[in-house]
Amino acid sequence: MNITVIGGGNIGTVLLGELSTDTQNRVSLLTSKPEAWHRKIEVLYSETGETLYGELAEIMNDAAVTAKANLVFIAVPSNALPATVQRILPYVQAARSYAFCPAAAGRNLFAAR
C-alpha cells in the first residue's frame, strides 16, 4: 500500500516507524523539514526492548507526494490543519482514504480552562 504521513512530530514519527516496518507498504513523509530526516527509521519499544526497522520511500516538502498515496495520515498540530488541508487540496481524490490525527489537540482542551 502507498501511504503518506503528513507531519514529523511525535504522532507522525510513530506512524512512520510502524507503517514502514511492513515491507509491503511504501511509506512517504510530507514535512517542512525534509533535511532533518533519514530514509532508514527505527522504532524502539521501551517496554519490551524490541526494535523494528523500516525505510521511507520519499521525504519531501512537496504536497504532490500525497498524490501517490492510497492512504494519507494527517498528523499536524490542530492549528496547522486548515493550512495543511489547503496545501493538499489539489491532490485530494475521493478514492483515497484520509485519517486525521491532530497532534496537540489536547492542548486546546487545557487552554480553554
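Read-outs: derived from the displayed coordinates by stated rules, not from any lab. On a predicted model such as this, the values are computed, not experimentally measured, just so you know. All Cβ positions, even for glycine, are placed from backbone atoms using ideal geometry, and neighbour counts span all protein chains on display.
When Rg and Dmax are taken over the Cα atoms of the stretch 2-111, they come to 14.0, 42 Å.
Taking the number of other C-beta atoms within 10 Å as the exposure measure, put R39, R26 in order starting with the fewest. The fewest-first ordering by Cβ neighbours comes to R39, R26.
Residue-wise HN-Hα couplings along the stretch 10-21, as the Karplus relation 6.51 cos²θ - 1.76 cosθ + 1.60 with θ = phi - 60° gives them from phi, are 4, 5, x, 5, 5, 4, 4, x, 5, 6, 7, 6 Hz; Gly and Pro carry x.
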